[in-house]
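So the structure is just underneath, and the comments pick up after that.
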Amino acid sequence: MIVRPRIRGFICTTAHPTGCAALVKRDFERAEPLEGGPRNVLVLGASGGYGLASRITAAAGCGAATLGVSFEKAPAGKRTGSAGWYNTRAFDAIAAGRGLKSHSIDGDAFSDEIKSEVCDALADQFGPIDLLVYSLASPVRQHPRTGELHRSAIKPLGAPIDSRTLDIHTGEVTETHLEPATDEETQNTVVVMGGEDWEFWVDALAARNLLSERFQTVAYTYLGSELTWPIYHKGTLGRAKEDLDRAAEAIRGRLQGEQDARVAALMATVTQASTAIPVVPLYVSILFKVLKTQGVFESTIEHIERLFRTALYGSGDRELDDAGRLRLDGIELGSEIQSEVARRWAGACTENIDDLSDLESVRAEFLRVFGFAVDGVDYEAEQDIFDVPRM
Ligand code: NAD
């Protein structure tokens, strides 16, 4: 069938098999060799955004064997699979074509069953891992001990906020009003997006002797600037991310020798998860324009390559903040960048947003998350929605 984007709010309900595969291939091909990287890597949340970029960097840049876990929708009837479903199939095919070991598991990473399945697969096929990347972004978590289903809420804390936001599809800048979270909503967000599950993973792997002597684990956070603080850093998500900092310290306390656990603060980018956060699309559109104008823009894969090269491996300077986090967000948070973003933010409206921001390329980037708007892909060609083409 011919697959077209079908956009509903902040998500696209279709995904393009050939487009997804072409993007995975593009990132695979641009990876530069990285000496001293990991040999065996487990990526949780490996099918999109920062997790997929981490898996590609580990495999294509470092030659690592990778096990990726994600929770995606397979195609059914006339419904396409989710983008991550195609990305993962494309990844496995491209890795196999290059003689790189890869194995992918689709299921709920929060569950004990998937933890056991992953540990069995690692024990049988991989051996101890050098790197665990924790890159899950989920709106819900069923707690493996209580069975309770927790839902996260993206809300401010304490008081309501009024802020502007951008619909990247229509280009409309509107006011949005958000009521503060209740204590229960805040607690649920911490249960879903906090660090407990990261700890459970490290414990499960350690219990099976699956952590190598040089084992490192990294979980991703976003700190951002004053412009996004009300909805992010000082909101429910920020509270959950604070819990990641707690978990990193707790995990470090249980590791030995050279082993390490860090939270890495990354830049804002366009992914399925980030476009769902109010205010962020406006911020990212302006930010991208300013970063590009000043010649310091990094794509998602370039950003993760820098994480590997300068913070996790290689001989670069590793920047740790007071909370012990790896800081990759220095470019985004630089005072020149932020004051220019703030200046444009203050005057942004529907009439001038095309000039003030990089709306058009953020819109295209959003479509690319689902395999659309990819150069060189024929969108009039028939697609087999049950597989990806060999690349
Ligand atoms: P994403 O939506 O692109 O990817 C999320 C991944 O999690 C997918 O692979 C999905 O399949 C997987 N997943 C979700 N629920 C799962 C479950 N129950 N079991 C197994 N897999 C599951 O997200 P992203 O934007 O790349 O975010 C990844 C991490 O990076 C998050 O912790 C996020 O807070 C952080 N981060 C994101 C940004 C940004 O701007 N996107 C910036 C800084 C930090």
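The values are calculated or read from the model by the stated rules, or taken from the named source; none is laboratory data. If you're wondering where the values come from, they're calculated on a predicted model, not measured in any experiment. All Cβ positions, glycine included, derive from the backbone under ideal geometry; neighbour counts span all protein chains shown. Calculation scope for accessible area: heavy atoms of the full protein, side chains included, ligands and nucleic acids excluded. Shrake-Rupley method; radii C 1.70, N 1.55, O 1.52, S 1.80 Å.
Structure values in brief
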{"quantity": "Check on residue 386, touching a Pro at 6+ places or on another chain (Cβ under 9 Å) and outside any loop (DSSP other than H, G, I, E, B)", "calculated": "no"}
{"quantity": "Selection from the range 348-383 of residues that are assigned to a helix (DSSP H, G or I) and among the aliphatic types (A, V, I, L, M)", "calculated": "353, 356, 359, 362, 364, 367, 369"}
{"quantity": "Counted residues, the range 1-24 - those being surrounded by fewer than 18 Cβ atoms within 10 Å (Cβ to Cβ) and out of contact with any Ser or Thr (no Cβ under 7 Å at 6 or more places or on another chain)", "calculated": "7"}
{"quantity": "The listed residue being crowded, with 24+ Cβ neighbours inside 10 Å, assigned to a loop (DSSP other than H, G, I, E, B) and aliphatic (A, V, I, L, M), out of 59, 90, 46", "calculated": "46"}
{"quantity": "Residue satisfying condition, being of a type outside the set (A, V, I, L, M, F, W, C) and under 19 Å from residue 139 (Cβ atoms), within set 86, 50", "calculated": "50"}
{"quantity": "Residue 168, sole failed condition from (1) open to solvent by 40 Å² or more (accessible area, probe 1.4 Å); (2) within 15 Å of the ligand (Cβ to nearest atom); (3) at pLDDT below 95", "calculated": "(1)"}
{"quantity": "Residue 40 vs. criteria closer than 26 Å to residue 126 by Cα, in contact with a Cys (Cβ under 8 Å, 6 or more places away or on another chain) and in contact (Cβ under 8 Å) with a residue 60 or more places away in the chain", "calculated": "no"}
{"quantity": "Pair list, Cβ under 9 Å, 6 or more apart: the range 302-329 residue without any contact (Cβ under 8 Å) to a residue 24 or more places away in the chain and in a helix (DSSP H, G or I), other residue of a type in the set (D, E, K, R) and within 15 Å of the ligand (Cβ to nearest atom)", "calculated": "306/298"}
{"quantity": "Residues that are more than 9 Å from the ligand (Cβ to nearest atom), over 11 Å from residue 39 (Cα atoms) and polar (S, T, N, Q), drawn from the range 57-85", "calculated": "57, 80"}
{"quantity": "Selected residue (only one of 270, 279, 290 is near the ligand (Cβ under 8 Å from one of its atoms) and crowded, with 19+ Cβ neighbours inside 10 Å)", "calculated": "270"}
{"quantity": "Residues satisfying the stated conditions in the range 1-26, i.e. farther than 10 Å from residue 383 by Cβ and either in a helix (DSSP H, G or I) or of a type in the set (Phe, Trp, Tyr) (or both)", "calculated": "10, 20, 21, 22, 23, 24, 25, 26"}
{"quantity": "Among the candidates 329, 358, 321, residue that is farther than 16 Å from residue 266 by Cβ and acidic (Asp, Glu)", "calculated": "358"}
